[in-house]
Every structure is written in C-alpha cells, then in structure tokens.
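S.K.: Pasting in a structure now, in structure tokens, and then I'll have a few things to ask.
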Amino acid sequence: MKLEGEYTLPGRPEELFDRLQDPDVLVAAIPGCERFERLGEDTYRGVVQARLGPVQSVYTTTFRVHDLDPPRSYRLHMEGQGPGGFVQADVLMELIPQDDGHTTLRYSGEAQVGGKIARIGQRLVQAGAGVIINKGFNDLRKRILEDLDADGAAAA
Amino acid sequence: MAHISITVNGKRHEADVEPRTLLVDFLREHLGLTGTHVGCDTSQCGACTVHLDGRSVKACTVFAVQADGRSVTTIEGMSADGALHPLQEGFREEHGLQCGFCTPGMIMAAADLLQHNPDPSEAEIRHALEGNYCRCTGYHNIVRAVQYAARKMREQATVEA
Amino acid sequence: MPNFIGSPVKRVEDKRFITGKGRYTDDIVLPGMTYACIVRSEHAHARIKAIDTSAAEAVDGVLAVFTGQDMVDDGILSIPTGWAVGDAMKEPPHYPLAVGKVHHVGDGVAVVIATDKATAQDAAEQVMIEYEPLPAVVDATAALAPDAPIVHDGLDSNLCFDWELGDRDATDRAMAAAHHVTTYELVNQRVVPNAIEPRSAIGHYDPAREELTLYTSSQNPHLIRLLLCAFVWPDLPEHKVRVVSPDVGGGFGSKIFHYPEEVICAWASKKLERPVKWTAARSESFVTDAHGRDHVSTAELGLDAEGNMVALRVKTVANLGAYLSTFAPAVPTYLYGTLLAGQYRTPHIHVNVKGVFTNTVPVDAYRGAGRPEATFLVERVVELAAKELGMDPAELRRKNFIRPDEFPYDTPVALQYDSGNYEGALDKALEMIGYEDFRREQAEARKQGRLLGIGFSSYIEACGIAPSQVVGALGARAGLYESGGIRVHPTGKVEVFTGTHSHGQGHETTFAQIVAHELGIPLENVEVVHGDTSRVPFGMGTYGSRSLAVGGSAIMRALDKVKDKARKIAAHKLEAAEEDVEFVDGTFRVKGTDRTIGFGDVALTAYVPHDYPEGVEPGLDENAFYDPKNFTFPFGTHICTVEVDPDTGVVRILRYVAVDDVGNIINPMIVEGQIHGGIAQGVGQALFEGAVYDETGQPLTGSYMDYTMPRADDLPSFEVGHQVTPCPHNPLGVKGAGEAGTIASTACVVNAVVDALYHRGIRDIPMPLTPERVWRALHAGGDGAAAAAAPAGGNGQA
C-alpha cells in the first residue's frame, strides 16, 4: 500500500525538525497510542490501539527515525505487531518551507499490512489509514501550536 | 456473566452467558440446537438465520444478551408439532437442497418472506433470499420450493377462511 | 413394484436436513471435549525465529500449546501428495504445523487447546512468534523468473514439474502449415471453492482401547485414514483408527484432501487423551482450504481454409501454491492436458504444463478439476477462431465434431472416447434456445444500442475416476476402484455399503433406488451406509463424478453376487434347477410355473438354514470391488444469452440452456439439481469470483465481504435438457453428472459476453467479468480489447 500526502504545519522547518523527533510530540501524532517509551537513541516503542472497519486491535509498535537530514528530511520506520496482524511502514518525511512561514510536511512511502486486517479489512485499509493519518496530523498541528505558543509566551 | 431469559421454540430458557456470546453460539452450544449453522464470520452467508420476535435475523449478528426477554424460532421449531412446515415440505418436494447446510437458514428467510408476501414472484423470491448463500443448488430449485410452499400456504389459508 | 430407475424419487436424506437434524462435524459434542485454535502465519514467507508459548500456556483453561517441532519430535511426518508427475517432480515437505519456515499466509504455526472455544481463541493471541520476513512470490509466471524468491529451502527454483503431452513436432509442423492460426492468451483465475460448511475435525483417542476416531468433514474418509496411517503418522496402526465423515456441507473438491488440521486434532487428542475439536472460521477457510484453477496459458489453434481444425498448441503455467496438496499434481496435467481435444477431431495437439510453487494457499481440485480449465481454453479459442474466420460458431463446432460413427475414438492426447453424439446435443440446445430467432433479436437490439450476446460451450469431460492401472501408470499412488457391499438382513431389509461419500449428491436415495429396483423391494427397506471406515470395508470417496459410475457399479457387482446366492437358495426351496429359476420383481419363480418364493423368505432362509442347499454358506452379505475399464465421457452443449448494460458494464444472463449427456439417469431430479449447481459455480467464476493477493502475498479476498459468489438474484432459472448415450462399459450405463455444469458454463458465459461486444473491438475480457472490467473494456476506445485483456496474473493480482 502506498502512503502519500502532505500537510501544512505552523512554523519553519528549522523550528519543526527537532520537535518532530521529540517523543512527547510524536506520541501526540499517533492516534490511539497509549504507552510510549524511548528504547534507544532513535528508537521508540508504543502500544497503539487501532481500529479499521470491523477489526480492532492492539499493536505493539516500534518506531525508528533514521537518515536524518535536518531540517530537510528524515525517514520514519514503523513496525507494529498484534493479534490483528502486522503493519510495517517506511516513510520519507520531507519538510518544505512555505513563503508564509509555514512548512509543508510531505510524506511518501510504502506500508505493508498482514493478518486479519489485510484479510477482512483490506478494502477499508487505505481509507482507514487516511483517516488515522489525518487525525494524527491534526493532533500534531494542535500540539505544535501549543508548543509554539508556549515558546512565544516564554520568550515574551 | 449476564443472566438471560429467552423463549426458544416456545420453551423458556434461563442461562448465564458471557456478554460476547453470540445468539448462534448460545443456540448451538448452550441449547444444543445445532440446526442453526455457522457458515461465515461476516454475516454474509445467512446459514444462521432464525426468527427473533417473528422477524428473520442472522443469529451471528445478535448477541445472546440482546435476545433477553425475547422469542426465538429456529428450524427445529418449524415442525414442532410433528407436521412439516409447507416450506420444509417444499424444499423436499422440489429438491431445494443438496448438502443441507444452508437449508435451515434458507427456510427461515423464506418463511419471513411468505409472512409478508404470500404470493411472491420469482424475482421477489430471489431478492428476498439474496442474503443467503447456497453453493449447491444454483438456487433454481430453492425458488421452486418457495413457490411450492407459497401455493400450499395460500390453499391452506383459503380452506381455513 | 414401481420402477425406481429413471424416477424422480424424493430424497430420503432430506428429512433430517429440513428439520435441522443433520449432523455435521461441528454439531458433534463428545464428553470432555476440548477446542483447538490454530495460530497461523500472517506472513506469506518468513523464517520462524522464535515461538514463545508461555503466555498462552498460562491462560486459565488452556491445556496445551504445541508447535510444529513438537509434532515432528513425536514422529509426525510430512503430508504427502497422492500423485507424482514424472520422476523429477519436486515434493517439498508439508508438515501439519510449519517447521522452520512459513510458506503462505494461513500456514499453521502452533495450536492452542483449551477447555472451550473462546479461551482457545483468546490464548492463541498470546502465542508470540518472532518472524524474519522473506520476499514472497505470488504469481506463477513471476515465480519462474531467475531472480524470483525461492519458496522452498533446498530447491533451486520454484518449478515443481515440467510436463508435456502430445506430439510436439507433428503439432508444430501442422501449425506452420495452417491457413489461419488463432492465438489466445488467457488467465484462468484462482477461485475459492467455498463449501458453505467450514471444514471441521475432531480427534477422539480412547486410551483404554488405544483406538483413535477422527471425525472430519471429508469427501473420502478411507483415503484420509490411509494417508494418515501409511504416511503421516506411521506409528498409528490403521486397524486402530476409525475415520468418520458424517453429514458434510458441500465439498466441490475442497474436502477431498488430507489437511493438517486432521493430523493436528488426531495427534493432540492422543497427547491429551481427550477429544479435540477444530472448526474453521470462514476467514480461516479462505487461507487454508485448497483453492482452484489459477492457470496462465497461451493457446494456438490452427485451421485450414475450410475451417477444419488442424493443430492445437497449448502452454500453461499452473500455480500449485505453497505445498503439493493431495491431488494437486494430477489436476493441471492428467485431468487437463488429456481433455484438450474437446469434442473435436483436431489431429495434432501438444501441451506443455509447468507446475510452480508460490507463497499462496495450495491449489488443488475444484469442481471439474482440470477439465473446466481445458474446456474454457478450447471453447474460448474455438469461439475466437469462428469470429476471426467469420464463421458461425455453432457451424465451426459442428464441422469439427467427432462423428457418432467414429467411436471409440483415440485422441492425440492419450484418451479413448468410448461413445458420443456431439451434434445431437448441439442441435437440441440450438432448438431449445431458438438460435435463429435470437440472432434476429440481437441484430434488432443492436440497432437500438442494446448489447445482446449468445455463447456456446460444447464440452467433454473424463469422469468415473478411474481405471487403477491407467492412473497407476500416470503416477497415482493409490488405486481408484470402489467397493460396494450388500447386507441382506434376515427380515429382508438391506444395508448398502459404499466407499463413496455423499455431501449433497443424494447417494442415500440414488443407490437405494438401484438396490430396491434390482431386488424388487420397497425403497424404505434399503439403507445406504457411507462415510465410516468402521462400517464400509474400503473406499476411495467421492470426486471426479465417480460415485455412480464406479461406486454404483461396485454395488451392481455385489448385487449380482447376492442374487446368484439367493437364486441357489430359492432353487433349493423350490426344488428346481438353478437355471430354471428366474428373479422378477422381488420374487423367485420356477419358469413357466406359479411356484414362487419371495426375496424376504429367501433372506430368512439364508440366516435360518434348516432346509438349505448343500455347499452354500449361510448368510446373505456380499462385497465387491469394481475397477472401471475406462473413464466415462459425459458431454453436452450449453448455450446462454446475455445482455450487457453499456452504461454500467453489468452482465445479465437472459437464458441458460444446458443439454447434457450423462448416460443413463437413475434419478432425473437429482441429476438436474447437480447440473443447476454446477452451472452456478461456473457462472460464478465467469462473472464474480476471484481470489486476489497483493504482491507481498497478503490475500485481499479473505472473507465473504470481499469474495463474491452468485446469489439468488444474480442467476436466472436454468433450462435443462437431456440426451442419453449410455456408457458402454459399466453395468449401469452411467457417466456421472456432478461436474458437467461447472465444466461447461464458464466458457459459455464469457463467450456470450464477448459475442455481445465483439463488434466493439473486444475479443476478450479477463475473468471475472465484473461490471468494472466490462465497462472499462467498452470505454477503452478503439483498442478496447487490448486494454481490457491485459492478463493480470493467475491470481488476479491487484
């Protein structure tokens, strides 16, 4: 399954790049993420409850951030495993500066889905993934706005 | 565990069930009424069709607790007095079954149809049964069986009136 | 006494089914029953690095968790296939639970056994398996590429066998000299049999008697016992094993095979000394029941200037899936290549089939098994040739039919057709459909922008499987005879024992009709016993439309023995010479006299032999084995008409006419029912069905939400006509009727759709002909055919 899309976030790439690696921010961008912990330098583990159509499942998911090219791009590798099946994704995240001080975050990559979700929920996966990703970015945007406000307040 | 009380084929049953117990599992495993079959896990095949308060439902999409206080009729209840229901007779007369696995669900779905439409056309019969898969008959003789039953039930109604 | 032969007797088995009293495997509850849930691979191809069963074992109510290694360590071996195709055929191991590596999504990895079903399912989710995913290959053609991932360790390619039949040089020469060559590239897509009863098995080991009973939803219990005891579990003595196939909710081939779950339940029951039941969820059936078809082929049909077929050359790549299932090697070879002559006199035929392993569910026999694939190819290429030559498709067929006076006819692909009248069936079908009228209607409709089409399928099948010596020479690892037994009880009631198995075919009625007819007794005095190895001496089961032709013939042989012995007893009682005693309508009579004795009295005498012929044993109980001399060759012509909606691409079948010659008919009601159901399944493949995998080997059609089968409102009523050319070499003159409908109907429907669209430049649409595919073909512009026809891979890869 192809994952592709873009989303506009407030702030310049330089302001955003580090935040996007911040576990506290990352967790906000993963809908249904219940526990989140750092495993190593660039590796995190979370317990994610995801629902796609008729299949709801809990996935133990590891995230790895790699190929960092600040503030332009990085890659996010994700592997989730649970009774509903497995999800694997490797996504290139690109931060493209906009004239208005915002940043377009463009993601592109491949995801593989296996198990019950692939078998029973396949027709829903692409649409369902879209919903989850959008919710994630909305939550991320909210979180970043809060952060930037807090920064602003602190600076003031 | 939840306590439920369900009338099945005219007989009241009390039981403690897990809330996740499906009506079909309750019928098959708690009551031993194995005439109601399970052919899929997505409510597509109709093999588990029963009547709940007189309307046909797929017993795999109803939790046992949802049937609490209600009345269920299964295939076993269609000839409870020893005489075959006209649909049961029709399926035999018109060779409307082969392996027999979808048959109880087909009969229950068709019984619902005939309650509302005593003289259905072939197209109406086919439409009414489109929620029930049969892999053996190609539906040809199932349609004949329902027509047979409809005819017989109309005749009986005329005699009684 | 009514004549039971040829009579539409209502089925004796129906009463239990219509009242909900059928007893299928999952309906059986035994004291102390436990429930198995199998943990299955989510990966198409992966190495198993570790299995942690501790969390599952700790769940309250869990009795045991076993892995593939546990079974192997305990002496369980690989499940073999029943057929070999050549000496070089590769047969990688197929353990009941995977050892070391998983080879398709759904491959069993561990089994959890608990005191109830829900606990077993819950605990199965606690089995932690660490995989190392490997690249997978799904498409059979792609699997032959030099850089393709190799499915099995220890093999250097995915090629299982490379088989050919026919004279290659002669075919090439004839093709080169042909006036016209029609080339057709086709995908016969993968389909899922989908018997509505999911598979189920119960192992029940009795430690006191050291006996094992296996209940299983199988089409052939004796074969399961043989494979289990002779190959998979050699420590299990066959005489201590009873396999019971109770009521079985449809099979269509998919319940022939020896499946891992049968071994798992049997073995686990012995380990735990408690009954172990497993029943598939439908989503499990989709990844464990053997699939059908999945061929990618190229056909070339050469014709001379007059339209005579001069050569047929076929190349096929057959997807076998991850393991060799029981009949798998035979299906795309002996049951396919040998049928490529169809009903035609094509003098030169050559076929090459490559059987290929992929990371998909195993492919094996599905209703028709090889013969639908052969018929589809032949009837589509013949139809295309007619279109290309501007000939009427009925006339091209007629011109090339083997004629009634040419039988027995030796085909260039190894079969000897024993009898036939192909033109007779075609003519009858043309008359039933009203061919001339339809062509006029079609022309009129076209003027109004409506798209009507008519399709033909003149099929032949080789049934009555099969002569043991022939199949032995081909590579079968078992004989394919059948047994039949007649036990006359002292009161004259009769039990009939057959090694075939009824899972919808109505044997309890048809076989009883034969016996009642032959013995002149009421039908209700006959009970047919099947599906239990402890009651029936031996048997090969039901598939390949063999039950009546082979099993029925065995019963006829046993009846002959019974009648011979009864005649001896009767002659003694009547004080007449044996040859002076005739047996008519249940009564023995001294010819030309009124001295008689009834069959019931003879039966009683046999068991109370106070006044008894010398040298004759008491009792009246005879067994026979029947090994057929040849296959049987049912044939016929199906014609259907369709309308294609140009705006939506929806195909509606207007009429469907089937004229079949299945030989003599014992029960026309049952035969017609078989034809109806067969047609529906073939239509399903043509219009609706297709198993689809993504490129990583994940099945995308894993439930009834995603896999479409014909529903009641998708089909018309069928018009069925018969022609009877008795089989010349079995005592009943019957050929078999279970598969005819499916073999014929797929090509019939596709031909009709193409007939409706050919004038729009469309010569093919890959199956299934979904509204989307038809619509795309219609809207692809001038080169519609090419756009629509691009083969998508044998499994209809997404």
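S.K.: So is C:Val363 in contact with a Lys or Arg (Cβ under 8 Å, 6 or more places away or on another chain), buried (at least 24 other Cβ atoms within 10 Å of the Cβ), aliphatic (A, V, I, L, M) and not assigned by TED's automatic domain parsing to the domain that holds C:Thr746 or not?
M.R.: When the stated conditions are applied, C:Val363 passes them.
S.K.: Name, by its number, the condition in (1) farther than 30 Å from C:Gly702 by Cβ; (2) assigned to a helix (DSSP H, G or I); (3) not acidic (Asp, Glu) that does not hold for C:Ile224.
M.R.: Failing condition for C:Ile224: (1).
S.K.: Moving on. What tally of residues in the stretch B:51-86 results from selecting those that are touching a Lys or Arg at 6+ places or on another chain (Cβ under 8 Å) and either away from chain C (no Cβ under 14 Å) or closer than 24 Å to C:Ala712 by Cα (or both)?
M.R.: 3
S.K.: Run C:Phe4 past the list (1) more than 21 Å from C:Val529 (Cα to Cα); (2) hydrophobic (A, V, I, L, M, F, W, C); (3) modelled with pLDDT under 95 and report the number of the one that doesn't hold.
M.R.: Among (1) more than 21 Å from C:Val529 (Cα to Cα); (2) hydrophobic (A, V, I, L, M, F, W, C); (3) modelled with pLDDT under 95, the lone unmet condition for C:Phe4 is (1).
S.K.: Another question, then. Every residue in the stretch B:27-39 that is at negative phi and either more than 7 Å from every other protein chain (Cβ to nearest Cβ) or in contact (Cβ under 8 Å) with a residue 12 or more places away in the chain (or both), please.
M.R.: B:Leu27, B:Arg28, B:Glu29, B:His30, B:Leu31, B:Leu33, B:Gly35, B:Thr36, B:His37, B:Val38, B:Gly39
S.K.: Just the residues that are closer than 14 Å to C:Gln219 by Cβ and either assigned to a loop (DSSP other than H, G, I, E, B) or out of contact with any Asp or Glu (no Cβ under 9 Å at 6 or more places or on another chain) (or both), please, taken from the stretch C:496-531.
M.R.: C:Gly499, C:Thr500, C:His501, C:Ser502, C:His503, C:Gly504, C:Gln505, C:His530, C:Gly531, listed by residue number.
S.K.: Moving on. Going by what's in this entry, would C:Val111 be described as out of contact with any Phe, Trp or Tyr (no Cβ under 7 Å at 6 or more places or on another chain), not aromatic (Phe, Trp, Tyr) and not in a helix (DSSP H, G or I)?
M.R.: no
S.K.: From (1) touching a helix residue (DSSP H, G or I) at 6+ places or on another chain (Cβ under 9 Å); (2) modelled with pLDDT under 95; (3) among the small types (Gly, Ala, Ser), pick out the condition that doesn't hold for C:Gly472.
M.R.: In the conditions (1) touching a helix residue (DSSP H, G or I) at 6+ places or on another chain (Cβ under 9 Å); (2) modelled with pLDDT under 95; (3) among the small types (Gly, Ala, Ser), C:Gly472 misses (1) alone.
S.K.: From the list C:Asp594, C:Asp611, C:Asp560, which one is in a helix (DSSP H, G or I) and of a type in the set (D, E, K, R)?
M.R.: C:Asp560
S.K.: Inspect all residues belonging to the stretch C:247-268 and state whether any of them is among the acidic types (Asp, Glu), within 14 Å of another protein chain (Cβ to nearest Cβ) and touching a residue at least 24 places away in the same chain (Cβ under 8 Å).
M.R.: Yes, the stretch C:247-268 contains a residue that is among the acidic types (Asp, Glu), within 14 Å of another protein chain (Cβ to nearest Cβ) and touching a residue at least 24 places away in the same chain (Cβ under 8 Å).
S.K.: Checking B:Cys136 against (1) out of contact with any Gly (no Cβ under 6 Å at 6 or more places or on another chain); (2) at the interface with chain C (Cβ under 10 Å from one of its Cβ atoms), only one condition comes out false. Which one?
M.R.: Every condition holds for B:Cys136 apart from (1).
S.K.: Hey, another quick one. Within the stretch C:191-200, identify whether any single residue is of a type in the set (Gly, Ala, Ser) and not in a strand (DSSP E or B), and answer yes or no.
M.R.: Checked against the condition, which is being of a type in the set (Gly, Ala, Ser) and not in a strand (DSSP E or B), the stretch C:191-200 yields at least one hit.
S.K.: Name every residue in the stretch A:92-137 that is of a type in the set (Val, Ile, Thr) and away from chain C (no Cβ under 14 Å), in order of residue number.
M.R.: Answer for the stretch A:92-137, where residues must be of a type in the set (Val, Ile, Thr) and away from chain C (no Cβ under 14 Å): A:Ile96, A:Thr103, A:Thr104, A:Val131, A:Ile132, A:Ile133.
S.K.: Also, quick follow-up: If you go through the stretch C:688-711, how many residues are more than 7 Å from every other protein chain (Cβ to nearest Cβ) and within 17 Å of B:Leu129 (Cα to Cα)? Break it down into steps so the answer makes sense when it comes.
M.R.: Of the stretch C:688-711, the ones more than 7 Å from every other protein chain (Cβ to nearest Cβ) are C:688-695, C:697, C:701, C:707-708, C:710.
From the residues that got through so far, the ones that are within 17 Å of B:Leu129 (Cα to Cα) too are C:708, C:710.
Number of matching residues: 2.
S.K.: Another question, if that's okay. Residues of the stretch A:35-59 being free of Cβ contacts under 8 Å to residues at least 24 places away in the same chain and over 15 Å from A:Ile117 (Cα atoms), which ones?
M.R.: Answer for the stretch A:35-59, where residues must be free of Cβ contacts under 8 Å to residues at least 24 places away in the same chain and over 15 Å from A:Ile117 (Cα atoms): A:Arg35, A:Phe36, A:Glu37, A:Arg38, A:Leu39, A:Gly40, A:Glu41, A:Thr43, A:Tyr44, A:Arg45, A:Gly46, A:Val47.
S.K.: Further question: Return the residues of the stretch C:712-744 that are among the aliphatic types (A, V, I, L, M), farther than 17 Å from C:Ile670 by Cβ, within 14 Å of another protein chain (Cβ to nearest Cβ) and in contact (Cβ under 8 Å) with a residue 60 or more places away in the chain; say none if nothing qualifies.
M.R.: C:Leu715, C:Ala744
S.K.: Same structure again: For C:Glu508, only one of the following conditions fails: (1) within 14 Å of chain B (Cβ to nearest Cβ); (2) of a type outside the set (A, V, I, L, M); (3) crowded, with 24+ Cβ neighbours inside 10 Å. What is its number?
M.R.: Tallying (1) within 14 Å of chain B (Cβ to nearest Cβ); (2) of a type outside the set (A, V, I, L, M); (3) crowded, with 24+ Cβ neighbours inside 10 Å, C:Glu508 fails exactly one: (3).
S.K.: Looking at the stretch C:661-681, which of its residues are within 14 Å of chain B (Cβ to nearest Cβ) and charged (D, E, K, R)?
M.R.: C:Glu672
S.K.: Report, by residue number, each residue of the stretch C:499-508 that is over 11 Å from C:Glu527 (Cα atoms) and out of contact with any Cys (no Cβ under 8 Å at 6 or more places or on another chain).
M.R.: Across the stretch C:499-508, the qualifying residues are C:Gly499, C:Thr500, C:His501, C:Ser502, C:Gln505, C:Gly506.
S.K.: Do we have B:Asp81 as among the charged types (D, E, K, R), in a loop (DSSP other than H, G, I, E, B) and out of contact with any Cys (no Cβ under 8 Å at 6 or more places or on another chain) here?
M.R.: Against the criterion (among the charged types (D, E, K, R), in a loop (DSSP other than H, G, I, E, B) and out of contact with any Cys (no Cβ under 8 Å at 6 or more places or on another chain)), B:Asp81 qualifies.
S.K.: Can you name the residue in the stretch B:118-152 that is assigned to a helix (DSSP H, G or I) and among the polar types (S, T, N, Q) and, of all such residues, is nearest to C:Gly682 (Cα to Cα)?
M.R.: Within the stretch B:118-152, the match that is nearest to C:Gly682 (Cα to Cα) is B:Asn141.
S.K.: Can you confirm whether the stretch C:305-317 contains a residue that is within 30 Å of A:Gly114 (Cβ to Cβ), in contact (Cβ under 8 Å) with a residue 60 or more places away in the chain, assigned to a loop (DSSP other than H, G, I, E, B) and under 23 Å from the mean Cα position of the chain (by Cα)?
M.R.: Scanning the stretch C:305-317 turns up no residue that is within 30 Å of A:Gly114 (Cβ to Cβ), in contact (Cβ under 8 Å) with a residue 60 or more places away in the chain, assigned to a loop (DSSP other than H, G, I, E, B) and under 23 Å from the mean Cα position of the chain (by Cα).
S.K.: What number goes with the only condition from (1) more than 26 Å from C:Asn667 (Cα to Cα); (2) buried (at least 19 other Cβ atoms within 10 Å of the Cβ); (3) within 12 Å of another protein chain (Cβ to nearest Cβ) that B:Thr103 does not pass?
M.R.: (1)
S.K.: Return the only residue of C:Asp162, C:Asp116, C:Asp122 being within 14 Å of chain A (Cβ to nearest Cβ) and either of a type outside the set (A, V, I, L, M) or crowded, with 16+ Cβ neighbours inside 10 Å (or both).
M.R.: C:Asp122
S.K.: Would you point out which residue out of C:Gly736, C:Gly721 is surrounded by fewer than 24 Cβ atoms within 10 Å (Cβ to Cβ) and in contact with a helix residue (DSSP H, G or I) (Cβ under 7 Å, 6 or more places away or on another chain)?
M.R.: Details: C:Gly736 fails: surrounded by fewer than 24 Cβ atoms within 10 Å (Cβ to Cβ).
After ruling out the rest, the residue left standing is C:Gly721.
S.K.: A further question on this structure: Report, by residue number, each residue of the stretch C:532-549 that is touching an Asp or Glu at 6+ places or on another chain (Cβ under 7 Å) and at pLDDT 95 or above.
M.R.: none
S.K.: Of the residues that sit in the stretch A:69-89 and are in contact (Cβ under 8 Å) with a residue 40 or more places away in the chain and assigned to a strand (DSSP E or B), which one is nearest to the other protein chains (Cβ to nearest Cβ)?
M.R.: Result: A:Ala89.
The values are calculated or read from the model by the stated rules, or taken from the named source; none is laboratory data. What you see is a predicted model; the values in this text were computed from it and never measured. As a convention, Cβ positions derive from the backbone with ideal geometry for all residues, glycine included, and neighbour counts pool all protein chains shown.
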